[in-house]
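So the structure is just underneath, and the comments pick up after that.
The values are calculated or read from the model by the stated rules, or taken from the named source; none is laboratory data. As the structure is a prediction and not an experimental result, all values here were calculated from the model. Cβ: placed from backbone, ideal geometry, glycine included. Neighbour counts: every protein chain shown.
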Amino acid sequence: MIVTNIRLLFHFAREHASAQKSLLTWQRITEEATWKNKMDILNSFRDAKMIKNNRARFEIQHNKYRLIAEVLYDKGIVEIRFIGTHAQYDKIDPSTI
């Protein structure tokens, strides 16, 4: 998959150094994947949660942080839409961000 908005990962990792390893692992797994449907995502990340509008929520650093991505299966693109703490996540609508 092609990951877009990757700058959000780098920016977040600078502010939350403890998340860097988990973010790099997420990036590697995602870029090596070929997701055609929601089950493919769940096979790669068993703790992921599927959200409407082709969004997926991923747990980062043992669910300390959350990452929301929109998955465009037909184009092979994963667009990072949000990464943040639980408190920040609680303030957004993950299906529209």
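Here's the yes/no breakdown for (1) over 18 Å from residue 82 (Cβ atoms); (2) of a type in the set (Gly, Ala, Ser):
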position: 19; (1), (2): no, yes
position: 22; (1), (2): no, yes
position: 46; (1), (2): yes, no
position: 55; (1), (2): no, no
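Whether a residue is exposed (fewer than 15 other Cβ atoms within 10 Å of the Cβ) and either under 23 Å from residue 93 (Cα atoms) or acidic (Asp, Glu) (or both) was assessed, and residue 37 passes this test. The set of residues from the stretch 69-97 being among the hydrophobic types (A, V, I, L, M, F, W, C) and surrounded by 12 or more Cβ atoms within 10 Å (Cβ to Cβ) comprises 69, 71, 72, 77, 78, 80, 82, 83, 92, 97.
Picking from residues in the stretch 14-34 that are surrounded by 12 or more Cβ atoms within 10 Å (Cβ to Cβ) and within 17 Å of residue 89 (Cβ to Cβ), the one that is farthest from the chain's Cα centre (by Cα) is 16. Residue 9 satisfies every condition listed in (1) surrounded by 17 or more Cβ atoms within 10 Å (Cβ to Cβ); (2) at pLDDT 95 or above except (2).
Condition check: more than 13 Å from the chain's Cα centre (by Cα), in a helix (DSSP H, G or I) and of a type in the set (Asp, Glu). Does residue 93 satisfy that? Answer is no for this residue. Among the residues making up the stretch 52-68, those that are in contact (Cβ under 8 Å) with a residue 40 or more places away in the chain and buried (at least 18 other Cβ atoms within 10 Å of the Cβ) are 55, 60, 65, 67.
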